[in-house]
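Engineer: Below you'll find the structure I mean.
The values are calculated or read from the model by the stated rules, or taken from the named source; none is laboratory data. The shown structure was predicted, so the numbers you read here are calculated from the model rather than taken from an experiment. Using ideal geometry, Cβ is built from the backbone for each residue, glycine included, and neighbour counts are taken over all protein chains shown.
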Amino acid sequence: MEEKEGELEKRVQDIRAIRELLAEGKDIPLIQPWAFFAWALLAGAGTLAHYLLFRDNAIGIRSALASVWLPALVIGSIVEGLSFAIRASKGDAPLFNRRLGGAILTCIASMIVIAAIAIRLAPIAMTPGIAILLAALPLVFYAQICYASLFIETFVGIALGLAFELAGARGAGFYLFGGAFIAVLYAVSGIHTMSMEKRRRG
């Protein structure tokens, strides 16, 4: 009985905390900054591996998806999930608020659908510009839920992706540059998030 009362009290405190944050317009950190660095490392390593395999063995996009990008996506998702679990265990991420929970589930569902579409269409429609736009998409969700100032990195990525598409950028060199840009973009997002958290703690 005491355990149930304690759990209920914790949920009430979480709801109050999230209401205060929303009322004050404050940001809600959901993952650790090092999760961005992990994605940056995976994007950079995946881009380099894909480029070398294409240069030396003329690997196709389907093979690259299976041997390079799918493992990178799985590893990155595990790391990000671990980061979120650490936040939740410390009580930094209020999990019992309906609005926040709905926003998180919406983001997860959207990313799953978009990833499935991207994998299906990659052999015929994946260009350097589209790859950059897809990579910028997760930042949209984090900017909406966590730190609004991440919209800076988001729109930088969107601008370059659109510029590549409008310019008709194709070829291995553009893919290599696009992948390196994505890695830098995630790393900068991690540094940005880290600096915001330091300011938040005072």
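Engineer: Specify which of the listed residues (Ser83, Ser67) is at pLDDT 80 or above and more than 21 Å from Thr193 (Cβ to Cβ).
Structural biologist: Just one listed residue meets the conditions, Ser67.
Engineer: Is it the case that some residue within the stretch 12-27 is surrounded by 15 or more Cβ atoms within 10 Å (Cβ to Cβ), at pLDDT 65 or above, within 19 Å of the chain's Cα centre (by Cα) and within 30 Å of Glu197 (Cα to Cα)?
Structural biologist: No, the stretch 12-27 contains no residue that is surrounded by 15 or more Cβ atoms within 10 Å (Cβ to Cβ), at pLDDT 65 or above, within 19 Å of the chain's Cα centre (by Cα) and within 30 Å of Glu197 (Cα to Cα).
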